[in-house]
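The values are calculated or read from the model by the stated rules, or taken from the named source; none is laboratory data. Keep in mind that this is a model prediction, so the values were computed, not measured. Every residue, glycine among them, receives a Cβ derived from its backbone with ideal geometry; neighbour counts consider all protein chains shown.
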Amino acid sequence: MTDRTLTPEERERYDTIRSCVDQDITNAVAAAKLGIKIRQVQKLKRAVKENGERGVLHGNHSRVPWNATAADTRKSVVAFLKKKNHRDFGPTFAMEQLAKQEKITLSRETVRSIMVKKKLWKAKQRTGPAIHREWRERRAVYGELVQFDGSYHVWFENGEEHCLLGAIDDATSTVPKAIFEDNEGVVAVFRFWWAYLIMNGRPIAVYLDKFSTYKINHRAAIDNDELMTQFMRAMSELGIKVINANSPEAKGRVERLFGTLQDRMVKEMRLEGTKDRESANHFLAETYLPDHNKRFAVEARQKGDAHRPLTKEMKERLPSIFSIQSQRVVTNDFTIQFKNKWYQLAAQQEIAVYHGDTVTIEERLDGTMHLRLKDTCLAFSCINKLERATRPRVTALTNQAPAWKPPADHPWRRAAAAAAAKKLRNAR
């Protein structure tokens, strides 16, 4: 007899092999009944003749695995996890604290299995149905849809990450532009698309992810009522549709592009001895991309180019379009506060400016700042906060200088008059 009672499946197996041993059935019939090979039936017959019912059991069924966790250790783990301050530990944190506090070194999966068995932790179940992704057909014409993204990678094999911005045409898999930049921030992205538009014109649509440069994702971002980032605002002014992908798989063409570049281009730049961003951008534009497009580009379903040329007016407005724009309200003394600095609007303007007007502040890529009301740039100067006392007493700023000047004893000028009087007394 065995050390334990046979299960129904094991009992059925034993009875079948016993019948075969007693020559009530053939080896072939026994093999068919058990779903095994005849060689296995012969092996089981020998085991049953030698060990009886134990012959149908696996040889390791009563052995303790060599790598099994000792019972005392498992008890210590359970006792540790049942402590009041340890009840909310997850498997990974529990593993770390066991090693740190109790000097018990176990794998995360071992700790997890103990916790699950003792009902000290329950794995989070995946909610919702499995996501089904359908294949999307390529666009028909070159320039109809451009996929865009950035990739952080150790491109120069020097241990430092660099950002590569790249665009790929959906219809042909042609890479019209790629460049190494500081990051995937708004300034770098604006520089990329300014150069892209000058080189190729305006595509119909841009397909990209929900990175914060391109789309405001947080519903608490109430400071932007239209939920438009600088990038989306610029694309809207240019008449380019922005499509945000819900997953990396949706823009798989540009994701695969970066996978190819991380594999091939890194090796080619190493062979070329390219180790800095400037030489890498030159190599990318002059050598690698032409060869890459020749190798991997496909023919579009329809001939032609859907890129729209930039109009003369758009070219002139590019510095304004590709600027970081903010809105501020003109105060009663015709000053504006922006980033802890005060700016005084000049007394004469090409357009009428009233206090309470909303002015657009443009921080352009060349480092300059412009104030714009509607389509007109305003004249202004940076001032100290104390200089606000010299504000003009007018209803609006126009193209004519205001004629009224406050008297010396006016409250606006008392501080300046007192300072002048004190200076005169000291001089005497």
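Values as computed for the structure displayed
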{"quantity": "Test set (1) at pLDDT 90 or above; (2) acidic (Asp, Glu); (3) in contact with an Asp or Glu (Cβ under 8 Å, 6 or more places away or on another chain) - Glu109 fails condition number", "calculated": "(3)"}
{"quantity": "Residues (closer than 21 Å to Thr376 by Cβ and among the charged types (D, E, K, R)) located in region 331-346", "calculated": "Asp333"}
{"quantity": "Breaking point among (1) crowded, with 16+ Cβ neighbours inside 10 Å; (2) part of a helix (DSSP H, G or I); (3) at pLDDT 85 or above; (4) of a type outside the set (Ser, Thr, Tyr), for Lys294", "calculated": "(1)"}
{"quantity": "Options Asn384, Asn426; residue that is farther than 30 Å from Gln230 by Cα and either outside the structural domain of Arg191 (by TED's automatic domain parsing) or modelled with pLDDT of 80 or more (or both)", "calculated": "Asn426"}
{"quantity": "Residues satisfying the stated conditions in region 353-380, i.e. under 33 Å from the mean Cα position of the chain (by Cα) and among the acidic types (Asp, Glu)", "calculated": "Glu362, Glu363, Asp366"}
{"quantity": "Residue check for Phe89: part of a helix (DSSP H, G or I), modelled with pLDDT under 85 and surrounded by 11 or more Cβ atoms within 10 Å (Cβ to Cβ)", "calculated": "no"}
{"quantity": "Unique match (being surrounded by 11 or more Cβ atoms within 10 Å (Cβ to Cβ), farther than 23 Å from Arg317 by Cα and at pLDDT 80 or above) among Ile336, Ile351", "calculated": "Ile336"}
{"quantity": "Residue among Val77, Val56, Val29 that alone is touching a residue at least 24 places away in the same chain (Cβ under 8 Å) and either more than 30 Å from Lys122 (Cα to Cα) or among the polar types (S, T, N, Q) (or both)", "calculated": "Val56"}
{"quantity": "One residue from Leu120, Leu98 being more than 31 Å from the chain's Cα centre (by Cα), among the aliphatic types (A, V, I, L, M) and part of a loop (DSSP other than H, G, I, E, B)", "calculated": "Leu120"}
{"quantity": "Residue list for region 240-269, restricted to those being exposed (fewer than 13 other Cβ atoms within 10 Å of the Cβ) and assigned to a helix (DSSP H, G or I)", "calculated": "Pro248, Glu249, Gly259, Asp263, Lys267"}
{"quantity": "Selection count, region 270-284, where residues are surrounded by 13 or more Cβ atoms within 10 Å (Cβ to Cβ) and without any contact (Cβ under 8 Å) to a residue 24 or more places away in the chain", "calculated": "3"}
{"quantity": "Candidate set from region 270-291 (those that are among the basic types (Lys, Arg) and assigned to a helix (DSSP H, G or I)); member that is farthest from Arg191 (Cα to Cα)", "calculated": "Arg270"}
{"quantity": "Any pair with Cβ under 9 angstrom, 6 or more apart, that starts in region 348-377 at a residue that is on the phi > 0 side of the Ramachandran plot and ends at one that is outside any strand (DSSP E or B) and loosely packed, with under 13 Cβ neighbours inside 10 Å", "calculated": "Gly356/Asn332"}
{"quantity": "From Phe334, Phe322, residue being in contact (Cβ under 8 Å) with a residue 60 or more places away in the chain and either under 29 Å from Ala140 (Cα atoms) or within 26 Å of the chain's Cα centre (by Cα) (or both)", "calculated": "Phe322"}
{"quantity": "Only one of Arg133, Arg139 that is closer than 30 Å to Ile168 by Cβ, part of a loop (DSSP other than H, G, I, E, B) and modelled with pLDDT under 85", "calculated": "Arg133"}
{"quantity": "Failed item, numbered, when Ala401 is tested on (1) under 30 Å from Ile198 (Cα atoms); (2) at pLDDT below 90", "calculated": "(1)"}
{"quantity": "Given (1) of a type in the set (A, V, I, L, M); (2) part of a helix (DSSP H, G or I); (3) at pLDDT below 90, index of the condition Leu318 fails", "calculated": "(3)"}
{"quantity": "Qualifying residue in region 223-245 (condition: within 14 Å of Cys163 (Cβ to Cβ) and at pLDDT 90 or above)", "calculated": "no"}
{"quantity": "Region 47-86, residues that are surrounded by 12 or more Cβ atoms within 10 Å (Cβ to Cβ) and of a type in the set (Gly, Ala, Ser)", "calculated": "Ala47, Gly52, Gly55, Ser76"}
{"quantity": "Filter result for Ala306 (surrounded by 17 or more Cβ atoms within 10 Å (Cβ to Cβ) and not assigned by TED's automatic domain parsing to the domain that holds Gly201)", "calculated": "yes"}
